[in-house]
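Reading through the structure tokens given below for one structure.
Quick note: the coordinates plus some simple rules give every number you see, no bench work behind them. What you see is a predicted model; the values in this text were computed from it and never measured. Here Cβ is always computed from backbone atoms with ideal geometry, including for glycine, and neighbour counts include all displayed protein chains.
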């Protein structure tokens, strides 16, 4: 009985530590997005801003899948830190993206954080 | 029997109906007076076949269809092969997308490394399961809710291919698309001032065969032309000019060199932009579209039977040159093009290096592309002793982009030493000078406004044989795209010719599917 309890306890610890290391995702399809509850406070403002601006042209689902899979879901291109910066620059230069350099810098840092978390 | 109240009601309805007709008429005329879109067949490069093949949206390559953005230009230069920044994939250039997991070491089920000098890309694709399954992810999925994980799998691009299709290099989907245009024109100089007649439908095919060969074709299925000869109001809409507008094959990186070989009928690469790469659908750029006299139909944007070599050098320099064959003429004609891009994404779509930690600079957003070209040729009556017309064109273009603004400049100089070659012993030298400037503002991602001024000046050494020609043209365009494959455009052209002034409004709709 003690062994079982110990195993269960270990299992719970293992699962909870794994969950803590990663960012949760909520919703389906076009409504899919990172779970704001699992975003650290220092990124909350950036996340909120990103959730507003990115959806001007595409869903957040695209961003979530890119982070999860390491591949841009539409093009199949790699989605790593180098690509994140390139996407950031692309969005900065995109007419009417309505994103300034400071915002892009924040988005890139946030996405890099997400990639790191996902790799854990 | 009708009652009095029924008659009153009838009159009331009749009045309202009359008012409605009046309002509709005013609205229709107003719109017609303003608008403008596709009328004559133009070479096209924007087709949903590319969207279907690469599973990307139209705006990946277009601002508002069919105008290209810089990524669309790169796709065009890359012979209809989707640009890749995947180094693993680039290592096996001819492998399909699904081959990416196998870009790692190729190992058999038994764990033995596969050796040999066969087609490594094909083998990689085979081993990756490209022939029988879907792409698998290389990275671990994030901790998601179960339903989200399920979504992810649904969203992954599937690249299932039958072995035969993969090995044959045949596109999985039939790479066919259609584009069509419907125009309502308003022109006070015509008998039929409000004209519903201009419309066309074209069939396109485009894609690549295992990234070794690119191809593109445009077949004009229907294009309504201006009426010729005597006609009356009973004349039905003409259906002529059905023709193969363009059909080219591009052999990419010939013998592993950086050079691409294009053969077939195409617009020789001269100016920076192809015919339809602009917001306006009805008015082509004058420096690209003018002709000299009645004997020569040559113009810069004319599709021709061509053999062309082109190459991207050091990511930002594009070089092209080729020869053109004319029917019934043994001597060939030649052309060359050179363009360079400063700032912005390069011709391989690599983003510029911008330090995000530095303050904003104008250079972060500035892109300048400059190009120059030349064409040398000879035309006249085949198999006759009539003197021929030897002519050349040289030109230069530039495009400046800054945030939501785009500025295009075009200049062209032409010399025809005998613009009336059928007239023996009477050489008619014509000098042509053409220029255009166009400014464009992206008001919204799907709403763009443009204004253009262009001029043409043609002067000869003999007014008796060639009357000097002066054209000034002002064109304003508003393009709106409610969906990415549907475009509405309103255009107004004010054109000053030597003997007349044209005022033409067009409202047009263009669709691609």
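Which Rg and Dmax, in Å, describe the Cα atoms of the range A:24-119?
For the range A:24-119, the Cα-based Rg and Dmax read 12.3, 33 Å.
Counting only Cα atoms, I'd like the Rg/Rh figure for the range B:390-513, Kirkwood definition for Rh.
1.10
How far, in nm, would the chain grow between residue B:480 and residue B:405 when pulled straight, counting 0.36 nm per residue and subtracting the alpha carbon separation?
Details: separation 75, 0.36 × 75 = 27.00 nm, distance 1.64 nm.
That pair, residue B:480 and residue B:405, stretches by 25.4 nm at full extension.
For peptide A:83-96, what's the mean number of Cβ atoms from other chains within 10 Å of each residue's Cβ? Before the final figure, lay out each step's value.
On the way: counts 3, 0, 4, 8, 1, 3, 8, 6, 0, 7, 14, 6, 16, 9.
Counting Cβ atoms of other protein chains within 10 Å of each residue's Cβ and averaging gives 6.
Among B:487, B:327, rank each residue by its count of other Cβ atoms within 10 Å, from fewest to most, as a rough exposure measure.
On the way: B:487 28, B:327 6.
If I rank by nearby Cβ atoms, fewest first, I get B:327, B:487.
Over what distance in Å are the Cα centres of the range B:316-332 and the range B:188-216 separated?
24
Counting alpha carbon pairs within less than 8 Å and at least 6 residues apart, what relative contact order, in whole percent, applies to the range A:24-119?
The value is 24 percent.
Provide B:83, A:107 in ascending order of the number of other Cβ atoms located within 10 Å of each residue's Cβ, fewest first.
B:83, A:107
Under the definition of partner shielding as Cβ atoms of other protein chains within 10 Å of a residue Cβ, what is the mean value for peptide B:349-356? Present the calculation step by step, with values, prior to reporting the outcome.
Details: counts 2, 1, 9, 4, 3, 8, 2, 12.
Partner Cβ neighbours, averaged per residue: 5.
Of A:54, B:61, how do they rank once you tally other Cβ atoms within 10 Å and put the fewest first? Intermediate results must be reported in sequence, preceding the final value.
On the way: A:54 18, B:61 25.
So the ranking, lowest neighbour count to highest, is A:54, B:61.
Can you give me the distance in nm between label points at residue B:472 and residue B:330, each placed 7 Å from the Cα along the Cα-to-Cβ direction?
That separation, rounded to one decimal, is 4.9 nm.
Taking every pair of distinct Cα atoms and averaging 1/r, then inverting, what Kirkwood hydrodynamic radius in Å comes out for the range B:175-512? Write down the numbers at each step before the final one.
Values: mean 1/r = 0.0451 Å⁻¹.
For the range B:175-512, the Kirkwood estimate is 22.2 Å.
Pairs of alpha-carbon atoms within less than 8 angstrom and 6+ residues apart define the contacts here; what relative contact order does the range B:175-512 have, in percent?
After rounding, I find 13 percent.
Would you kindly calculate the mean projected area, averaged across all directions, of the convex hull enclosing the Cα atoms of the range B:327-455, in square nanometres?
Hull-based average projected area comes out at 11.4 nm².
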